Structures are given as structure tokens and as C-alpha cells.
1. Go through the range 195-210 and report how many residues are assigned to a helix (DSSP H, G or I) and without any contact (Cβ under 8 Å) to a residue 24 or more places away in the chain.
2. So which of ILE120, ILE154 ends up being open to solvent by 10 Å² or more (accessible area, probe 1.4 Å), under 25 Å from TYR256 (Cβ atoms) and of a type in the set (Val, Ile, Thr)?
3. How many residues does the range 292-337 hold that are within 19 Å of GLY255 (Cβ to Cβ) and not basic (Lys, Arg)?
4. Quick check on the range 131-144. Is at least one of its residues within 21 Å of GLY309 (Cα to Cα) and surrounded by fewer than 18 Cβ atoms within 10 Å (Cβ to Cβ)?
5. Mind counting the residues in the range 167-190 that are part of a helix (DSSP H, G or I) and within 14 Å of GLN318 (Cα to Cα)?
6. Any residue in the range 305-322 that is modelled with pLDDT under 90 sitting within a Cβ distance under 7 Å of a residue that is among the aromatic types (Phe, Trp, Tyr)? List the pairs, counting only those 6 or more apart or interchain.
7. Scanning for something among the aliphatic types (A, V, I, L, M), surrounded by 17 or more Cβ atoms within 10 Å (Cβ to Cβ) and over 29 Å from ALA185 (Cα atoms), does the range 323-344 turn up at least one residue?
Amino acid sequence: MLDQPKTIRQGEELNSAILSAYLRERTDITSDVDVAQFPSGFSNLTYMLSADTPTGRHEFVLRRPPFGANIKSAHDMEREFKVLSALKPLYDSVPLPVLYCGDESVLGAPFYLMERVEGIILRGKPPVGLDISPSVMQRLSTMVIDKLAELHAIDISSNSLKMLGKPEGYVQRQVEGWVKRYANAKTDEIQGMEQAAVWLAANMPSESSTTTLIHNDFKYDNVVFAPDLSRISAVLDWEMATIGDPLMDLGTTLGYWAEENDPPALRMFGLTSLAGNLTREELVARYALQTARDPDTLMRDIVFYYVFGLFKIGVIAQQIYSRFKQGFSKDERFGGLIHIVEAVGSMAQKALQTKHINSL
């Protein structure tokens, strides 16, 4: 049931000889590394390295940008490494960072190394043998939203994390930036995405007085549960972490949180539609409880953030699909991502019509 790597996809191989020599000089690794790939991500590429150290055989995780991506903007490995390094003393659910390499002559792009946290990750299909009964899913989904609330409660005032972002004008910059990214990656006419872009620009909330560290991609498949499902051992993929309005973070989580009546293209990527999971409304209510917010006010305000979350997910899928269309990736999964863009556009239209986040 534990998350395991697979054979490396064609075109995404690493030069293990050069990598091994580099790591032996800079870490306590003493042998050549064996390399495999975690196949499920859609953004940065993630590999598992196994190597000898003075204390025995150890496993590490290496992350690098996808081939063909604009490395300097959306895939800043150094920044992600710095986030992990600054966050580790404050938040027990992050892997231990080991090494950052900005020398592109090693692997053709910057990368970083961190410890491997072994556990269970809930992806599109449940691991064979895993108990996914309603009571279990209710407990796991509650853990996820509580862990997000815990992240937003971190005091960043005296830590280097506060330098990660500029909270003033954050929502406006996000809306304008993602709208621009969509226009740059656009391949098809999708009415729901176009409508959401216009509505978001015209309905931005007033500046929030609350700013926190936000993950910006907080969902089941970025969470590692302990093998016995008793706790969350690690939160992964901090590439989009910054300082800003925590409701933008919650909105993204809600955008990924497909329910039973949502389009199949959204339900196939996660287990949130299984019986027992908190609904989107219940997630918001639980978050309000954990963060001492007024639940009625939050439920009213969350529509904007939910629509933004859907739109952002659509843009991410559109960007990856565009790279696939241009031939930068041979990963066949990427060819179907246009259906995700269409589905989130449809959900955004529905939310705008009903002024609600439920699936009815």
C-alpha cells in the first residue's frame, strides 16, 4: 500500500553516473545511486534515489523541473528548497531537505534532494488492500483540512518565511497572473474558463488583514499518511508556497475536492468523492472551526476563492496540455488534460450561477 516508484518514463531519464559522482562529493552518499521515478505527478519530476551511506542503505527523493518548462518562473527549485529548510523547524510535516544544486551541467536543470518519507498517498485509485470505508475517509479528510488550518496558524513573523512573498495586493496579482498564463497557454475555446477569468477580475475581495504561509496545492496526493493512517507524516510539493491570503489556499483545495455529482474528469484524479469524505461545505465549516472564523461569513465569501481555485487548476492543466501539444513531453496522460480544463470551467460556471460551492 505504500507509495512506490516505477520505471523511468522515456525521455525523462537522469544521468546516474554524473549524479552519483556529484552526490558523493557533497553528501554522505558513498555509492552509485539507483534511480526510479514516481510516476503520478503532473508538474515537477520526482525520482527516488537509493544509495549507501555510512549508516546503511538510504532512500532520497530528487525533484527537478519538467523537460521543456520555463524553469526560471514556475519551477524554482532553489526557492522550494529554501521553503523546506525554513519551514522544517516550525511544521513537523515536511521532509528534511538535504541538498540543492543550481549547476545545470549535472542534470540539465536545477534540482534538490530531500529525505524520502515512506507512507500512503491517496491518488486516483486507492492502494490495494486499503480500508476506504466511510468512517476511514471521514477521518482522513478531516486530518487533511486540519493540517491545512495548522499550516495557516504558523507564526512567520520572526522567520525567514516572511520574505517569501509580498502579501499586499496578493489576490489581485494572482488573478491577473493566472488570467495571463491562461491566455498564453490557450489552445481551445472553453467558455467556462473565459467567463471565470472575466468574473474574477471584476469581483476581487477587499484586501485581507490576515496573511499566512500558504501551500497553494494542498490536496490528497500531496499528503503522505503514516502507514497505519494514524497521522499525516509529510506534506509534499511546496513549489507554489508563498505568503498571502489563506482563503486562496483553501479555495485551491476546494477546487480539487471533487464530489460524487461532479464531472467524471475531476473525480478520476482523486478519492474525495468516496463516501465518508467531508463535502466541500463540510470542509469550509471544519476550517472555520479550526481557525475561529465565523462560518456564515466564510461560507458566503468562499465562492470567489473556490472559483479562483477552479480557474487556477484549469490553467495548470492547460499549461501542461500545451507543452504536450508542442511535443515537450511524451507522457500520454497529459493529452487528456484538456478535459480537466473543460470540467473546471463547467464547475466555475455552475458556482457563478448558484453562488454556492456544493455539487447539487
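The values are calculated or read from the model by the stated rules, or taken from the named source; none is laboratory data. This structure is a prediction, so every number in the text was calculated from the model and none was measured. Virtual Cβ from ideal backbone geometry, glycine too; neighbours counted across all protein chains shown. Note: accessible area is taken over every heavy atom of the protein model, side chains too, but ligands, DNA and RNA are not part of it. Shrake-Rupley method; radii C 1.70, N 1.55, O 1.52, S 1.80 Å.
1. 2
2. Numbers: ILE120 fails: open to solvent by 10 Å² or more (accessible area, probe 1.4 Å).
Unique residue meeting the criteria: ILE154.
3. Selection size over the range 292-337: 24.
4. So far as the range 131-144 goes, yes, one or more of its residues are within 21 Å of GLY309 (Cα to Cα) and surrounded by fewer than 18 Cβ atoms within 10 Å (Cβ to Cβ).
5. Residues flagged as part of a helix (DSSP H, G or I) and within 14 Å of GLN318 (Cα to Cα) within the range 167-190 amount to 8.
6. As it stands, the answer is ILE320/PHE42; ILE320/PHE334; TYR321/PHE334, since those pairs meet every condition given.
7. no
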